[in-house]
1. Enter the Cα centre distance for the pair segment 134-167 and segment 319-343, rounded to the nearest angstrom.
2. Relative contact order (percent) for segment 365-632, with alpha-carbon contacts under 8 angstrom and 6 or more residues of separation?
3. Which whole number of Å³ per residue matches the convex hull of the alpha-carbon atoms in segment 365-632?
4. Tell me, what is the FRET efficiency for residue 565 and residue 141 to the nearest 0.05, using R0 = 51 angstrom and their Cβ-Cβ distance as r?
5. How do 431-441, 295-305 rank on mean C-beta neighbours within 10 Å, highest first?
6. How far is it, in nm, from the label point at residue 195 to the one at residue 448 when both lie 7 Å from their Cα along the line to the Cβ?
7. So how tilted is helix 616-625 from the main axis of the chain? Cα-based, degrees 0 to 90, rounded to 10.
8. With everything on Cα atoms, drop me the angle between helix 23-34 and the longest principal axis of the chain, reported from 0 to 90° to the nearest 10.
């Protein structure tokens, strides 16, 4: 894009955001962009920018906050080229977690903050906003407004306090509006895994019982998008003159604001400044917050044999003693901020936790998918076995089954009430073994004994080898007959258990499949469901070239089955198709469109990886594509 297009001051104002790759910083950038700003996102050299969107009005500036002079020239050049800098939002800070909070190096941040104020002044910013912390107050004895005593107990809190005081003084001397925002507890989908809510989600999803204090301490939790909206409100309210103000005044959001009577009365947004508390304005006991997380996790756990979902592990409240300096109440009085900007939280704690848990569970699920696929490739490499492509094509089907559909219990693998799985596509056994280990039927260490002398896991399936294998399998074409027998036995026993049979599309050329399909239909085995892994390949070529299956759905319907076609790599669509009850009393076939070798580019949609074993270089390359780190992992 041409520079004059990027920096058209009449189009929109520009903001600088330090700490832009961080949890709150990225949310601020997103909202500024949504409201029409140009954003210059300052990130540490080499820092991941995955939280930031791809956007034509976003420009990344790599720079060390301790060396502002080294990257200031890039912003000065942008200003010279027409960027209408209006606001500087300073959210960057070195050492925000763990032991780093008591590191003497915290005070290096103070000089850096003041230096950004000076640079903001040079750029013509009317407004500088910095992120402080509730740690500046120290151990609070009650609800805090901005006049509360400041008695920080950590180096982090002392450095934040000093940075705020000095930065605001510098802004005042330069004639800028300066705001220092003391942030209380902020949470949301992209928070670091070491914090309370994401830590609880991971432990509960893994079946662990989190150890907590008694949880009587009350904390003020604010959803991240609400926190970002507060920073943006300060940025927009603090611009009152110059080219940036003219650009800002043309933005539809500001015009609506003014029309509602929220402007200063002179047609421009009013300036703001000083210290502000940022929180939800209400505190909740930690035990209540943890209970909400547990409740949100509960509806996302795998199915239970008796129906519903598995029960999440209990919270071990009181298992961890309080610290000697434990803060028992963190609650922000946000009246000053609301009065200055009109901002107030929009997301309730219940809704915010629901959104946060959903996002973390999705992340865990993606990690699980990659783990299973790395395991498949690793098992093939270590045993020098084949069928890697077939296993990668069916892996997502098995994950949807074991984590979203099947009513099974790893602690009771032979419970007669369980759902059963007949994995007729047994040459892809590595995928089933990896999924079973991930679901907890046996330890991951057992996987090391795949297809080697003395190992427990044969290349094809042996029901007696490990828990979770419902039927021995190997020769193609037999699985549906076994599955029909399981479904009939469950019906005769009065059980509502379901039986799922996984077939390959090439396997559908076996005559025994259609004999079993006819029997299942005539017996109205509504508890029987076939999943066909339609990756388009079989042993010697394309299925459509060797024995065309283009009308496969019509064939199943002709044999009296319900048929659903779906994307075999979309877990949401797969789950919906696999879990849907029979509406007609007929058995059902799910045709899952997949890609052989899915997830590894040089294995994808090719016949050779039905037979090849990966070399060391190929194994390591595949691991990298699947989110791993090569042999070191």
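No value in this document is a laboratory result; all are computed from the given coordinates. As the structure is a computational prediction, the values presented were derived from the model and not from experiment. All Cβ positions, glycine included, derive from the backbone under ideal geometry; neighbour counts span all protein chains shown.
1. 11 Å
2. 24 percent
3. Values: hull volume 30.0 nm³, N = 268.
Hull volume over Cα atoms, normalised by residue count, gives 112 Å³.
4. Values: r = 63 Å, r/R0 = 1.24.
Efficiency computed from Cβ-Cβ geometry: 0.20.
5. Numbers: 431-441: 23.6, 295-305: 17.9.
Descending mean neighbour count gives 431-441, 295-305.
6. The answer from the label model is 3.8 nm.
7. Once rounded, one gets 50 degrees.
8. 80 degrees
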